[in-house]
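We did not get these values from a lab; they are worked out from the coordinates using the rules stated. Everything numeric here is computed off the predicted structure, so don't read it as measured data. Positions of Cβ are generated from backbone atoms using ideal geometry, with glycine treated the same way; all protein chains shown enter the neighbour counts.
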Amino acid sequence: MPSISSYFSLAYLGLLLPLTIVVYAAAPQKIRRWALLIFSWLFFWSISGKLIVYLLFSILSVHHIGLWLSMLQEEGDRLLKAADRGERKALKAQCQRKQRMVMTFGACLHIGILLLLKYGPFFVLNINRVFRALGLHVNLTVPSFALPIGISFYTLQAVSYLFDVYRRKIPADKSMFRLALFMSFFPQIMEGPICRYEDTAGELWEAEPIRFQNLVFGAERILFGAMKELVLADRLNLLIQNVFTNYDTYDGFVIALSAVCYTLQLYMDFSGTMDIVIGSAQIFGVTLPENFRRPFFSRTISEFWKRWHITLGTWFKDYVFFPLSMSKPLKKLTSRARKRLGNHFGPLLSGSIALFAVWFCNGLWHGAGWHYIFFGMYHFCLILIGNMIEPLVLSVTGKLHISRSSLPYRCFQIVRTAVLVCIGELFFRATGLRAGFAMFRKIFTNFTLATFRDRTLFTFGMDQKDYLIVFIAVLLIFVVGLLQEKGIAIREKLAGKNLAVQFSAYYALVLFIVIFGAYGSGYVPVDPIYAGF
Amino acid sequence: MDKRLIEILEEIQPEADYETCKTLVDDHYLDSLSIIALVAELEEEYDIMIPTVEIIPENFNSAENLWMMITRLKEED
């Protein structure tokens, strides 16, 4: 089997996906689910080889621990039913303690494997640095592990399943293979979205027949995603690689431009991949959760994170933010602080502790590097400051008679949010924290338009024609986004038109990709960015 | 509907109309921080334990749903 490097590769779009669709369509209902599972494992094995054992171990252990929890819950319920009213409270606490221990064991096991494989070398490297700083001559051997694909994604799915069984939100699944399909489904295992068991496991196992409408809608979404990647993300790649690798040879204007281009590339790569992933799943009749909702229309950083990588944000909210802020010590702090500091700053004090944990984990989740942790802390500070100064902003805008819902004010907020996001992405993409700061400093200390005036700007990886194509594609995506913001369902609208209009739209999009796609000699396709996290 | 519940809600977020609004979370009247404050206050006022599993938009979208959650948790206790 040819190697699958990303969801945009010919091996995926031209071989694995069509082959799975054909086998799935030809197979009887009871076989379809097995076909999905076998192709999912084949996909995993074709990329990670024998590392598939990590995935299989996760499936086995999650299934077993889920059933263990369920057994303890049933046993606890039986004992509580038979107990006297006076004994119930103590018995309930005892049963819950047991269940919490099992759930914690399961969560620690999975997070522990992820920490060891992904962060082990980073931790040891930093321990050695501390030893050196203390003048100790101890040098621990830095381990090196091969990472199975999607481990950051399927681990979070596994932990959410265990939490949800523990909280009795879902019953433990008796079928190990249904759970296996939920964790291994090939279109989403490499880059998400991070699904919840109750949202997708049933639909996947049901294995509905392929419907014409789903096939058309799915293919349209895949085509749109391919356009984002091939026309935009890949075209921007040379400029970004050049500037971020040799940042010391470029001035502040070029660095600022490349920070904007990288933000655009990351959005196009990740949201384009999500279009392919969600479109692929739709063909099989499975509705995966959306990961993006036009993030660059956001007016604040908090709103941005409700529209960008949505499933990661909701995962951290449900399994880190609320459990922490609802813990006994923080609840007490909230109550006390609210009485002393009022309704705004009181909850903010305890909320900021939980928020810190969320953004530390969010930064670290993206990779083992200090610049990723800095990226998390940067967004933590922005959200915290945004919340802290909100009463002041309300008062100032009120006194100046500025309408917060007016178009100019909303545009100002949108542009300000986008600039703050681009600064964060500069650090995110930089080769290290030191490089990030050096690049950021250059924007202010070495800003000159000389490269634009003498036209050398067009020799760094993108010429005038490239910029024009990027502009047209961004405009197209902006118009589509604007229509979606207004609640217009474009695919449904197109389906209502006659065949001539529909096919004209398909041909136009295909031709746009074929003519303006950045492929062939002279271009280096971007590696799937989120698959590396 | 409990009068005290409306008072607590108005203390935390005075801008919403709690008699009619059914989209307190969906329309961002109650954000994560208001929910933290609300849970701490409700637990103290009604002597209940609100587990994390109950922190879902459906329970917090209207005063009526909140009251239903409170009475259910009181009964379970």
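Miscellaneous remarks
- Folded to 0 to 90 degrees: helix B:32-46 orientation relative to chain B principal axis, Cα: 40 degrees
- Projected label distance in nm at A:L19 and A:C108, using a 7 Å step from Cα toward the beta-carbon: 4.3 nm
- Angle of helix B:3-12 to the longest C-alpha principal axis of chain B, folded into 0 to 90 degrees and rounded to 10: 60°.
- Rounded to 10°, Cα long-axis angle of helix B:63-76 versus longest principal axis of chain B: 10 degrees
- Virtual paramagnetic centre 7 Å along Cα→Cβ of A:W34, amide N under 18 Å, in region A:186-209: A:204-209
- Here the residues B:D31, A:D234, ranked from fewest to most Cβ neighbours within 10 Å of their Cβ, fall in the order B:D31, A:D234.
- Summarising the label geometry, the points placed 7 Å from Cα in the beta-carbon direction at A:L136 and A:A368 lie 2.0 nm from one another.
- Lysines whose Cα lies under 29 Å from that of A:K30, excluding same-chain neighbours fewer than 8 positions away: A:K50, A:K169, A:K174
- Prolate/oblate/rounded call for the protein assembly as shown, Cα gyration tensor, a/c under 1.5 rounded: rounded
- Inter-label distance for A:K332 and A:D77, nm, one decimal - labels placed 7 Å from Cα along Cα-to-Cβ: 3.4 nm
- For region A:377-433 versus region B:10-42, the gap between their alpha-carbon centres in whole angstrom: 23 Å
- Counting 0.36 nm for each residue step from A:F345 to A:K89 and taking away their Cα separation leaves a gain of 88.6 nm.
- Computed over chain B, relative contact order equals 37 percent, with contacts defined as Cα pairs under 8 Å that lie 6+ residues apart.
- Computed over chain A: relative contact order in percent, which uses C-alpha pairs under 8 Å that are six or more apart: 18 percent
- Order of A:D164, A:D84 - criterion: other Cβ atoms within 10 Å of each residue's Cβ, fewest first: A:D84, A:D164
- The number of Lys pairs in region A:215-532 with C-alpha atoms less than 26 Å apart, excluding pairs fewer than 8 positions apart on the same chain, is 15.
- Helices meeting the span-like rule in chain A (full DSSP H runs, Cα extent of at least 30 Å along the helix axis, mean Kyte-Doolittle score of -1.0 or higher): A:52-82, A:85-114, A:252-283, A:328-366, A:407-429, A:464-485.
- Shape of region A:16-142 from the C-alpha gyration tensor: oblate (a/c of 1.5 or more and a/b not above b/c, with a ≥ b ≥ c the square roots of its eigenvalues).
- Measuring between their Cα centroids, region A:306-349 and region A:108-125 lie 27 Å from each other.
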